[in-house]
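Engineer: Sharing a structure below in structure tokens format, with a few things to ask.
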Amino acid sequence: MEQHSRTPLIHHVFFWLKNVDSKEDLAKLLNGLRTLGEIEAVRKLHIGVPSDTERRDVVDGSYSASELMFFDDVAGHQNYQNHPIHKEFIETCAHLWEKVIVYDSMDI
């Protein structure tokens, strides 16, 4: 198994829009999420929407959009949390969602 010189932190966030059927609100959210990739501490960013894979009991496709980010470490994640671009994203997009769930994990 490959050894990492740093322990990456993975930040996965799921968003549920207030107006679930609004393509305009989804576009605004996705555009806002794209700005987060400009933050230096973000090593990799994936933005997505639920896929058309088979629906099973263990698959939750109820969310509207998600972001998956990779950071070098906890300090990088904290830098992201405090960054003006992240704060601006929350300020300009928070009115769009009714629910957000965050999963943070570390490589082992």
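Engineer: Could you grab the pairs with beta carbons closer than 6 Å, sequence gap of 6+ or different chains, first residue in region 31-54 and within 13 Å of His11 (Cα to Cα), second one surrounded by 12 or more Cβ atoms within 10 Å (Cβ to Cβ) and of a type in the set (Gly, Ala, Ser)?
Structural biologist: Every condition considered, the pairs that remain are Ala41/Gly76; Leu45/Gly37.
Engineer: Continuing with this model, one more query. Mind listing whichever residues of region 60-80 are open to solvent by less than 50 Å² (accessible area, probe 1.4 Å) and more than 15 Å from His11 (Cβ to Cβ)?
Structural biologist: Scanning region 60-80 gives Gly61, Tyr63, Ser64.
Engineer: Looking only at residues in region 13-54 that are of a type in the set (S, T, N, Q) and closer than 27 Å to Asp72 by Cβ, which one is least open to solvent (accessible area, probe 1.4 Å)?
Structural biologist: The residue in question is Thr35.
Engineer: Looking only at region 1-12, count how many residues are modelled with pLDDT of 95 or more and either touching a helix residue (DSSP H, G or I) at 6+ places or on another chain (Cβ under 8 Å) or farther than 20 Å from Gln78 by Cα (or both).
Structural biologist: Number of matching residues: 2.
Engineer: A further question follows. Contact list please: Cβ distance under 6 Å, first residue in region 59-76 and part of a loop (DSSP other than H, G, I, E, B), second residue open to solvent by 50 Å² or more (accessible area, probe 1.4 Å) and not aromatic (Phe, Trp, Tyr), pairs at least six apart or on different chains.
Structural biologist: Close Cβ pairs satisfying both conditions: Asp72/Arg6; Asp73/Arg6.
Engineer: So which residues in region 42-83 are in contact with a Ser or Thr (Cβ under 8 Å, 6 or more places away or on another chain) and among the β-branched types (Val, Ile, Thr)?
Structural biologist: Hits for region 42-83 are Ile47, Val49, Val59.
Engineer: When you scan region 85-108, how many residues do you find that are of a type outside the set (Gly, Ala, Ser) and either surrounded by 17 or more Cβ atoms within 10 Å (Cβ to Cβ) or farther than 27 Å from Lys23 by Cα (or both)? Steps first, please.
Structural biologist: Of region 85-108, the ones of a type outside the set (Gly, Ala, Ser) are 85-93, 95-104, 106-108.
When the remaining residues are screened for being either surrounded by 17 or more Cβ atoms within 10 Å (Cβ to Cβ) or farther than 27 Å from Lys23 by Cα (or both), the result is 86, 89, 93, 96-97, 104, 106-108.
Residues that pass the stated criteria total 9.
The values are calculated or read from the model by the stated rules, or taken from the named source; none is laboratory data. These numbers were taken from a predicted model, which means no experiment stands behind them. Ideal geometry is used to build each Cβ from the backbone, glycine not excepted, and the neighbour counts take in all protein chains shown. All accessible areas refer to the heavy atoms of the entire protein, side chains included, with ligands and DNA or RNA removed. Shrake-Rupley method; radii C 1.70, N 1.55, O 1.52, S 1.80 Å.
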